[in-house]
1. Specify the residue that is farthest from the chain's Cα centre (by Cα); the eligible residues are those in the range 1-16 that are within 14 Å of ILE48 (Cα to Cα) and among the hydrophobic types (A, V, I, L, M, F, W, C).
2. What are the residue pairs meeting all of these: first residue in the range 21-49, first residue assigned to a helix (DSSP H, G or I), second residue of a type outside the set (A, V, I, L, M) and exposed (fewer than 13 other Cβ atoms within 10 Å of the Cβ), Cβ atoms under 9 Å, and 6 or more apart or on different chains?
3. When you scan the range 23-54, how many residues do you find that are out of contact with any Gly (no Cβ under 6 Å at 6 or more places or on another chain), among the aliphatic types (A, V, I, L, M) and under 24 Å from ALA71 (Cβ atoms)?
4. ARG54: modelled with pLDDT under 90, loosely packed, with under 14 Cβ neighbours inside 10 Å and touching a helix residue (DSSP H, G or I) at 6+ places or on another chain (Cβ under 9 Å), yes or no?
5. Restricting to the range 50-69, what's the tally of residues that are touching a residue at least 24 places away in the same chain (Cβ under 8 Å) and either among the hydrophobic types (A, V, I, L, M, F, W, C) or farther than 12 Å from VAL22 by Cβ (or both)?
6. Could you please find all residues in the range 1-51 being in contact with a helix residue (DSSP H, G or I) (Cβ under 7 Å, 6 or more places away or on another chain) and among the small types (Gly, Ala, Ser)?
Amino acid sequence: MGLLEVQDLTVRFGGVVALDRVTFTVEAGRMVAVIGPNGAGKTTLFNIITRVYRPASGTVLIDGKPVQAMAPHQLIRHGVARTFQNLALFRSMTV
């Protein structure tokens, strides 16, 4: 059993299949990257893991417990949190 398990995850938006039977396991202590081109489903995957969206089918487990059964504060206790991209965090700084 992994720290994070995604099993046969499918997400649809109307007729568009954003994720099609995605399955993977992340073991404790491992570093994993999710890469892909725009529109590949990366954000959708994170939205499912953090309960922003519900999958059409499949399961997400954290420490063996289904994410959909967890309250938001329980996700945080398991170290799962979400932040959104903000391009203007430091207005006084330039590149």
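The values are calculated or read from the model by the stated rules, or taken from the named source; none is laboratory data. Values in this document were obtained by computation on a predicted structure and should not be read as measured data. Ideal geometry is used to build each Cβ from the backbone, glycine not excepted, and the neighbour counts take in all protein chains shown.
1. Residue satisfying both the conditions and the ranking: PHE13.
2. Partner pairs satisfying both residue conditions: LYS42/GLY36; THR44/PHE13; ILE48/ARG54.
3. Within the range 23-54, residues that are out of contact with any Gly (no Cβ under 6 Å at 6 or more places or on another chain), among the aliphatic types (A, V, I, L, M) and under 24 Å from ALA71 (Cβ atoms) number 5.
4. Taking the combined requirement at face value, the residue does not satisfy it.
5. 10
6. Once the filter is applied, which keeps residues that are in contact with a helix residue (DSSP H, G or I) (Cβ under 7 Å, 6 or more places away or on another chain) and among the small types (Gly, Ala, Ser), the range 1-51 yields ALA18, GLY36.
Residue by residue, here is whether (1) among the acidic types (Asp, Glu); (2) over 25 Å from GLN85 (Cα atoms); (3) modelled with pLDDT of 90 or more holds:
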site: ASP8; (1), (2), (3): yes, yes, yes
site: GLY15; (1), (2), (3): no, yes, yes
site: ASP20; (1), (2), (3): yes, yes, yes
site: GLU27; (1), (2), (3): yes, yes, yes
site: ALA33; (1), (2), (3): no, no, yes
site: GLY36; (1), (2), (3): no, no, yes
site: LYS42; (1), (2), (3): no, no, yes
site: GLN68; (1), (2), (3): no, no, yes
